[in-house]
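Working notes for the structure below.
The values are calculated or read from the model by the stated rules, or taken from the named source; none is laboratory data. As the structure is a computational prediction, the values presented were derived from the model and not from experiment. Here the Cβ is made from the backbone with ideal geometry for all residues, glycine too, and neighbour counts use every protein chain on show. Surface accessibility is based on the protein's heavy atoms, side chains included, excluding ligands, DNA and RNA. Shrake-Rupley method; radii C 1.70, N 1.55, O 1.52, S 1.80 Å.
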Amino acid sequence: MITDVRLATTADADELAALEHAARAALVDVRGGAALLAEQPAVGEWVAVLADAWRRVWLALIDDVPVGYLELQLPATLGGAGVVRQVYVAGEARELGFGDEMLAEAIAATLAAGGAVIESFALPGDRETKNLYERAGVTARKIIVSKRLSDPSSSADASR
């Protein structure tokens with residue numbers, strides 16, 4: 001088994017679309033997943049993302065078969081934040097170090113672009129993603145909480 005992490009190219013667009021589809025399908029039953037899916041539409045046009053000078057995408061491979069990816073938005077200003085917009089490794093390829101390696105690449109790219117911070121998010125209860133970030137020293141800075149006010153059960157609370 002040969003494993004590799006490399007920058008994605010426009011030739012990888014179809015594979016990235018398939019991986020993103022799998023990543024989004026995996027979020028459906030995760031706490032907070034439905035809200036995230038509604039707020040963050042699928043990339044759709046990976047060729048445009050790969051051509052964007054302010055983004056980097058790494059691809060994880062086993063025997064040249066794509067099994068994961070990480071999408072990074074580079075910092076817009078010196079001292080700014082690089083933002084990991086998406087990270088996903090297929091279940092059968094987890095525990096092989098792909099997430100750690102891609103995150104290390106994202107941190108290095110952020111530093112090379114003059115960034116001073118790397119940011120991302122993890123859904124509530126997503127221990128695997130939290131562990132990935134914690135291994136790299138990326139810790140929670142804020143937790144966003146919310147309540148949908150259009151829920152009929154919240155009408156009494158909303159009027160207060």
Is it possible to state the helix-based mean residue ellipticity at 222 nm for the chain, with each DSSP H run of 4+ residues giving -39500 (n - 2.57), the sum divided by total residues, to the nearest 500 deg cm²/dmol? What is it?
-10000 deg cm²/dmol
Cα shape, the stretch 70-124, gyration tensor, a/c 1.5 rule
prolate
Can you pull out the trypsin sites (Lys or Arg not before Pro) in the stretch 1-93 that DSSP calls coil and that have at most 13 other Cβ atoms within 10 Å?
Arg31
Mean accessible surface per residue for the chain, computed with a 1.4 Å probe while every protein chain stays in place, in Å²
61
Would you work out what percent of the accessible area of the stretch 1-102, with all protein chains in place, is carbon or sulfur (probe 1.4 Å)?
55
Starting at the first residue of the stretch 37-53, write each ³J(HN,Hα) from the Karplus equation 6.51 cos²θ - 1.76 cosθ + 1.60 with θ = phi - 60°, in whole Hz, x for Gly and Pro.
4, 6, 7, 10, x, 4, 4, x, 9, 5, 4, 5, 4, 5, 8, 6, 5
Considering the dipole of the stretch 29-160 built from charges on the beta carbon (Lys and Arg +1, Asp and Glu -1) around the Cα centre, which of Phe98, Leu78, Val49 is farthest to its positive end?
Leu78
Are there any GluC sites (Glu not before Pro) in the stretch 1-109 that are in a DSSP loop and have at most 11 other Cβ atoms within 10 Å? List them by number.
Glu45, Glu95
HN-Hα couplings for the stretch 91-96 via Karplus (6.51, -1.76, 1.60; θ = phi - 60°), in whole Hz with x for Gly/Pro, come out as x, 5, 9, 6, 6, 9
